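Here is the structure we will look at, set down as structure tokens.
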Amino acid sequence: MNRRHLLQLGLLAAPAIILANSVKADDAELVVGSNVGSPPFAYKDGDHYSGFDMEVFGEIAKGMNRKWRVQPMDFGALIPALQTGNIDAIVSQLFIKPARQKVIDFSDPYYQSGLVAVIKADNTTIKTSDDLAGKTIGTETGTVAVDYIQNHIKSATIDQMPNIDNALLALEAGRTDAVVYDTPVLMYYANGNGKGKVRVIHPTLEGLDVGIGFQKGSPLVAPANAVLAAMKADGRLKAIREKWFGPDQA
């Protein structure tokens, strides 16, 4: 076979190779990064992961006809892992904020959360959020809670920890005066394992939209948004939200 025939065969095979690679890419298992130590959003339940975030993304992946698996990691490592291509998406109660929108893309919001403070149940000196000024406040590193404390709580000392469990343990041990973090997570804790140990300071400090994080220019954004829109329209998203947070949660 001469070089001309080889070249012709190569040109004929090229579209098939490109198509095969495209199909392979479209069918590839999605790797989803999540801080899985944050019930009720994401946590290990036996041999699988459960929680509100996990259930929402499960419906999205089903609608996109994609297999997926969870890559557990600390919250502060999620965006760098997404930027370097080690994960395909972040599903970890990721607040949509301008600084993050500069470096990653977001899905449409699927939940509105916020920040709240908890203190030890026997603390009599902190009654309102104004009393947090000058106190030592624990939270999880890399979260919007860090920015909020820095910008809104005067003279506070921030004790940043790898995960919220460590921050709550430090509070119970008396090493900090309060913890500021996502409202549903702290409410879930205060009404569960922390009942009688901590007290929630009302009202909520700040409300923010939550979305799924993707790499800049990711082709996954549009199909994810299409499934989310369908879930909002047919009531599936509301049903999942009420399952985990009750009918009175926004």
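The values are calculated or read from the model by the stated rules, or taken from the named source; none is laboratory data. All values reported here derive from a predicted model rather than from experimental measurement. Here the Cβ is made from the backbone with ideal geometry for all residues, glycine too, and neighbour counts use every protein chain on show. Heavy atoms of the whole protein, side chains included, go into the accessibility calculation; ligands, DNA and RNA do not. Shrake-Rupley method; radii C 1.70, N 1.55, O 1.52, S 1.80 Å.
From its DSSP helices (H runs of at least four residues, each -39,500 (n - 2.57)), the chain gives a residue-normalised ellipticity at 222 nm of -12000 deg cm²/dmol. Database remark: amide H of Gly138 closer than 5 angstrom to the amide H of Asp159, Asp177, Ala178, Val179, Val180 (H placed geometrically; neighbours at sequence offset of 5 or more, or on other chains; Pro and chain starts carry no H).
Taking every protein chain into account, the accessible area of the stretch 118-224 amounts to 47 square angstrom per residue (probe 1.4 Å).
Heavy-atom accessible area for Asp27, with the other protein chains in place and a 1.4 Å probe, reaches approximately 100 Å².
Average accessible surface for the stretch 59-101: 48 Å² per residue, computed with a 1.4 Å probe over protein heavy atoms with every protein chain in place. Using a 1.4 angstrom probe on heavy atoms only, work out the carbon and sulfur share of the accessible area of the chain in %. Answer for the chain: carbon and sulfur cover 52 percent of the accessible area. How tilted is helix 52-64 with respect to the longest principal axis of the chain? Cα atoms for both, answer in degrees (0 to 90, nearest 10). The helix 52-64 is inclined about 20 degrees to the chain. To the nearest ten degrees, helix 3-27 and the longest principal axis of the Cα atoms of the chain are 30 degrees apart. The magnitude of the dipole of the chain, with charges of +1 and -1 set on the Cβ of Lys/Arg and Asp/Glu and taken from the Cα centre, is near 580 debye. In order along the stretch 113-126, the phi-based Karplus estimate (6.51 cos²θ - 1.76 cosθ + 1.60, θ = phi - 60°) of 3J(HN,Hα) comes to 10, x, 10, 9, 10, 10, 10, 5, 4, 8, 6, 10, 8, 10 Hz; Gly and Pro are listed as x. Counting Lys and Arg as +1 and Asp and Glu as -1 over every other residue whose Cβ lies under 9 Å from the Cβ of Val31, the net charge comes to -1. Only Cα pairs under 8 Å and 6+ residues apart enter the sum, and on that basis the relative contact order of the chain stands at 25 percent. Rounded to whole numbers, the Karplus 3J(HN,Hα) couplings from phi for the stretch 135-152 are 8, 8, 10, x, 6, 8, 5, x, 9, 5, 4, 4, 4, 4, 4, 4, 8, 10 Hz, using 6.51 cos²θ - 1.76 cosθ + 1.60 with θ = phi - 60°, and x at Gly and Pro. Backbone amide hydrogens, once placed in the peptide plane, bring Phe106 within less than 5 Å of Phe214, excluding anything fewer than 5 places away on its chain. Ignoring lysines fewer than eight residues from Lys154 along the same chain, the ones with Cα atoms less than 27 angstrom from its Cα are Lys97, Lys120, Lys127, Lys135, Lys197. Once the Cα atoms are used to define both axes, helix 236-245 deviates from the longest principal axis of the chain by about 30 degrees.
Here the Karplus relation 6.51 cos²θ - 1.76 cosθ + 1.60, evaluated at θ = phi - 60°, turns the backbone of the stretch 155-171 into coupling constants of 6, 6, 9, 9, 9, 8, 10, x, 8, 5, 4, 4, 5, 5, 5, 5, 5 Hz, with x for every Gly and Pro. What does DSSP give for the chain in terms of the percent of beta bridges that are antiparallel, rounded to the nearest 5? Antiparallel bridges: around 60 percent, rounded to the nearest 5. Under 5 Å between amide hydrogens, built in the peptide plane, is the criterion, and for Leu205 it picks out Leu115, Val116, Ala117 among residues at least 5 positions away or on other chains. In this simple spin-label approximation, Ser155 and Thr125 carry label points 7 Å from Cα along the Cα→Cβ vector, and these lie 1.2 nm apart. Under a model in which nothing but the beta-carbon of Lys, Arg (+1) and Asp, Glu (-1) is charged, the stretch 28-95 shows a dipole of about 140 debye around its Cα centre.
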